[in-house]
Structures are given as structure tokens and as C-alpha cells.
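The values are calculated or read from the model by the stated rules, or taken from the named source; none is laboratory data. These numbers were taken from a predicted model, which means no experiment stands behind them. Using ideal geometry, Cβ is built from the backbone for each residue, glycine included, and neighbour counts are taken over all protein chains shown. Side chains included, ligands, DNA and RNA excluded: accessible areas come from the protein's heavy atoms. Shrake-Rupley method; radii C 1.70, N 1.55, O 1.52, S 1.80 Å.
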Amino acid sequence: MPVKQFGVCPMKKTAYDYHDLQQSIDSLIGKFGLQKTIEVIDSLTSNTELTTQDKEKVKLLLVFIISQSIEVFDLKEDNFYTSTVQEYREARMCCYFLLKKYTDSSYAKIGESFNQSKRAILYNYHKCDEILSIPQFYKPFVEKFKILENNTINFIAKLN
């Protein structure tokens with residue numbers, strides 16, 4: 001079953017270069033003008049993390065990441081928090097990593113949301129980081145993670 005990305009066209013190419021970036025920037029400038037394009041780019045670069053002051057947004061992000069990981073990893077929602085099957089563990093690991101990366105929540109606070117210890121979140125965060133550092137050995141996981149991360153970034157941009 002193909003996975004639909006949030007706000008991303010599935011038919012677009014996956015490898016981009018600076019020429020593609022320049023064409024996209026030129027298209028933005030043509031559509032919005034130079035000043036508005038700069039404002040949009042500044043907004044995107046400054047709004048990629050949620051702080052604990054944005055409690056409601058962090059809660060929304062948590063729910064979104066969990067629901068997206070269930071969809072991307074093709075899991076059953078009822079078993080998400082408790083299953084020891086590898087796909088479920090990997091999906092939860094992605095959630096921990098993305099929540100830590102895109103919020104200023106502590107490991108302990110993230111653990112509370114998943115009924116896990118600070119130590120478990122810390123371990124899984126570093127394990128995910130290690131896996132992502134050698135993507136050639138974990139291609140299926142990395143592909144799913146990238147979809148989940150792209151969807152997360154798009155969601156944060158829309159929240160802000």
C-alpha cells in the first residue's frame with residue numbers, strides 16, 4: 001500500500017540539486033515578489049521548532065507524529081504503545097527522535113507521553129541517530145523516517 005505524504009506530491013522526483021532550488025526560488029519570486037519570498041523563507045527557517053511555551057502546539061504535534069507513524073509504518077493503532085514487534089518499536093523510536101528534534105521537550109517529558117522512562121527515550125533517540133548515520137544498511141527504515149520527518153516539518157510550518 002503506497003504511503004501518502006502530507007502535502008507532498010508522490011510523483012515528484014526525489015533527487016534535487018541547486019538548479020532545482022534556484023528554479024523554485026525564481027518561481028516563488030515570480031508569484032509573490034522578492035520581499036514576500038524572503039519573508040516566507042525566513043518564516044520557514046525560524047519556525048522549525050516548538051517550545052514548551054507552545055504547549056497546545058506540542059500536544060498537536062505529538063498526536064500528529066503518532067498518527068503519521070502509524071500510517072507510514074502501516075500499524076494498528078490499538079497495539080502502537082505496547083507491541084514488541086520491530087515495526088512498532090521502530091515507529092515509536094521515530095516519534096521519540098522527531099519530538100526531541102523539533103521541540104524543546106525533555107527526554108523525561110517525552111517518556112511521560114509514551115509511558116516510558118527517560119532512559120528508554122534517551123536510548124532510542126541515540127539508536128535512531130545511529131541508524132540514520134548509516135542509511136545504506138537500513139534503507140526501508142530510513143525511507144519511512146524521511147516521509148515521517150517531511151510530514152512533521154510540513155505540519156510544524158502550518159502550525160506556525
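May I ask you to verify whether K118 is touching a Gly at 6+ places or on another chain (Cβ under 7 Å), on the phi < 0 side of the Ramachandran plot and open to solvent by 50 Å² or more (accessible area, probe 1.4 Å)?
Answer is yes for this residue.
Just give me the residues in the stretch 79-100 being open to solvent by 70 Å² or more (accessible area, probe 1.4 Å) and small (G, A, S), in sequence order.
Listed by number, the list is empty, since nothing qualifies.
Name the pairs: first residue in the stretch 24-48 and within 18 Å of N150 (Cα to Cα) and of a type in the set (V, I, T), second residue in a helix (DSSP H, G or I) and at pLDDT 80 or above, Cβ to Cβ under 7 Å, at least 6 apart or on different chains?
The qualifying pairs are T48/Y102; T48/I153; T48/I156.
E149 fails exactly one of the following numbered conditions: (1) in contact (Cβ under 8 Å) with a residue 24 or more places away in the chain; (2) of a type in the set (D, E); (3) open to solvent by 50 Å² or more (accessible area, probe 1.4 Å). What is the number of that condition?
(3)
Looking at (1) more than 19 Å from the chain's Cα centre (by Cα); (2) modelled with pLDDT under 95, find the lone condition where S46 falls short.
The failed condition is (1).
Is it true that Q5 is over 24 Å from F145 (Cβ atoms), modelled with pLDDT under 85 and part of a loop (DSSP other than H, G, I, E, B)?
No, not satisfied.
Every residue in the stretch 57-74 that is over 15 Å from N154 (Cα atoms) and among the basic types (K, R), please.
Once the filter is applied, which keeps residues that are over 15 Å from N154 (Cα atoms) and among the basic types (K, R), the stretch 57-74 yields only K59.
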